[in-house]
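The values are calculated or read from the model by the stated rules, or taken from the named source; none is laboratory data. This is a predicted model, so every value here is computed, not measured. Cβ coordinates were reconstructed from backbone atoms using ideal geometry, including for glycine residues, and neighbour counts include every protein chain displayed.
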Amino acid sequence: MTQLWKNQSFTIAHADDGKFEGAGLRPFFEYRELGVSAATKGAYGAHVIRAVPGMEGPGTWHSHDLDFQMVYVTKGWVVFEYEGQEGQGGGEHLLREGSSVLQPPGIKHREVRHSDDMELIEIISPASFDTKDETAP
């Protein structure tokens, strides 16, 4: 049988097998890896992020050095603010269950607040990337 997959391997992640860890970008979130990074040799990453109940984010402005970042909210809500993306609350945008956002590479943004039950899926490329602190726009 000929191998048809280019630089990827087959992987499945089940919720009951996964473990959330606090060792992520933000201490007020927990992360559960979905196996995409290993299966794509780091070309892509995907994880579930959930809020740590009772913890709030400091709302610091930052940007990411990556090629692709998409967020899809599966539970609760989260408010992000984006530079130059005016909405009803200025640059703040409420994402609730079923909402998604494509964050272009390098866009300045911050997490403003979230519900205690917030959970989302984030898909990124590459799986590892640098985050830069930014000044408020």
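Could you check region 35-51 and list, in sequence order, the residues that are in contact with a helix residue (DSSP H, G or I) (Cβ under 7 Å, 6 or more places away or on another chain) and not aliphatic (A, V, I, L, M)?
Across region 35-51, the qualifying residues are Y44, G45.
Take region 86-120 and flag every residue that is over 15 Å from the mean Cα position of the chain (by Cα), surrounded by fewer than 17 Cβ atoms within 10 Å (Cβ to Cβ) and not in a strand (DSSP E or B).
Hits for region 86-120 are E86, Q88, S115, D116, D117.
Only one of T135, T60, T74, T40 is surrounded by fewer than 18 Cβ atoms within 10 Å (Cβ to Cβ), out of contact with any Pro (no Cβ under 8 Å at 6 or more places or on another chain) and closer than 20 Å to H14 by Cα. Can you tell me which?
Selected residue: T74, the only one of T135, T60, T74, T40 that is surrounded by fewer than 18 Cβ atoms within 10 Å (Cβ to Cβ), out of contact with any Pro (no Cβ under 8 Å at 6 or more places or on another chain) and closer than 20 Å to H14 by Cα.
Restricting to region 16-48, name every residue that is in contact with a Lys or Arg (Cβ under 8 Å, 6 or more places away or on another chain) and of a type outside the set (F, W, Y).
G18, K19, E21, E30, R32, H47, V48
For the subset of region 37-52 comprising residues that are assigned to a loop (DSSP other than H, G, I, E, B) and not hydroxyl-bearing (S, T, Y), which member is nearest to K19 (Cα to Cα)?
V52
Quick test of your reading of the structure: E30 fulfils all but one of (1) surrounded by 13 or more Cβ atoms within 10 Å (Cβ to Cβ); (2) at pLDDT 95 or above. Name the failing condition by number.
If we test E30 against (1) surrounded by 13 or more Cβ atoms within 10 Å (Cβ to Cβ); (2) at pLDDT 95 or above, just (2) comes out false.
Applying the selection to region 60-85, what residues are closer than 16 Å to M118 by Cα and not in a strand (DSSP E or B)?
Answer for region 60-85, where residues must be closer than 16 Å to M118 by Cα and not in a strand (DSSP E or B): just G76.
Is it fair to say D130 is of a type outside the set (F, W, Y) and farther than 30 Å from F10 by Cα?
no
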